[in-house]
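For reference, the structure is listed below as structure tokens.
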Amino acid sequence: MIDTRIHEKGILAKFLEQCIKILLIKECKKISNIKIDIISSSTQIIKGEIQKISIFAKDINYKDLLFDKFNLEANHLKIKINLSNKELYLKNNPKINFKISFSQDSLRTILLSKSWGWIGNLISKEMLNHERIEDIRINNGQLFINSHKKNININQLEQLNIRTEKGKVYIRNQNKNKILQIPIEDKIYIENVNIENNLIDIFGNSSISF
């Protein structure tokens, strides 16, 4: 239960929220609807401690990764603040819990982009034996892809199933009995992937540093 002494948010917590907002805007090509909530007493903040922080944002472009929604929560952060430029630094590597959501359009843009198209091509080659992805769709809680093979026009959508195991994400083409592990950094642990309301929701945790 939250300490009643920090029920009323102090000026330092509000100042930190603004610092983090500045950091997010600086790091992302695009971000909107940013909501940051810091739960910590002024004494803790002066000591360089944040008890709990939650962050929510929409329409994010981070290194050409497009997130329709992003939720983050972390506890027990050790921080250092540069008052002159309002920059914040982490002194520890806390564990964060997150939920990120991709729409059909966002996922299509990512997998056809210059930065991340190699993942789309990997999926196409490993799942369908084709050169590249042409299209990707989410329909009624299912994921479908359309791909391209040299000198052949292919209009059939292939269904892919998504599952998680031991923190990794796997996609499967049941028709061709093929499975592919999606490349993800080792520090990121994916707990669950859910497709609902035409969004892919990914739940996981990771350590962070900046």
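The values are calculated or read from the model by the stated rules, or taken from the named source; none is laboratory data. None of these values were measured; they are calculated from a predicted model. Because the Cβ atoms are built from the backbone with ideal geometry, glycine has one as well, and the counts that use them run over all protein chains shown.
Below are the figures for this structure:
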quantity: Matching residues in the range 29-47 - criterion: being surrounded by fewer than 14 Cβ atoms within 10 Å (Cβ to Cβ) and either not in a helix (DSSP H, G or I) or not assigned by TED's automatic domain parsing to the domain that holds Ile60 (or both); calculated: Lys29, Lys30, Ser32, Asn33, Lys35, Asp37, Lys47
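Table: residues versus (1) touching a residue at least 24 places away in the same chain (Cβ under 8 Å); (2) surrounded by 15 or more Cβ atoms within 10 Å (Cβ to Cβ); (3) within 24 Å of Asp68 (Cα to Cα).
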position	(1), (2), (3)
Glu131	no, no, no
Ile171	yes, yes, yes
Leu180	yes, yes, no
Pro183	yes, no, yes
Ile195	yes, yes, yes
Gly204	yes, yes, yes
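Yes/no matrix, rows are residues, columns are (1) loosely packed, with under 14 Cβ neighbours inside 10 Å; (2) modelled with pLDDT under 95; (3) over 18 Å from the mean Cα position of the chain (by Cα):
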{"residue": "Ile60", "(1), (2), (3)": "no, no, no"}
{"residue": "Phe67", "(1), (2), (3)": "no, no, no"}
{"residue": "Asn85", "(1), (2), (3)": "yes, yes, yes"}
{"residue": "Phe98", "(1), (2), (3)": "no, no, no"}
{"residue": "Leu111", "(1), (2), (3)": "no, yes, no"}
{"residue": "Lys114", "(1), (2), (3)": "yes, yes, yes"}
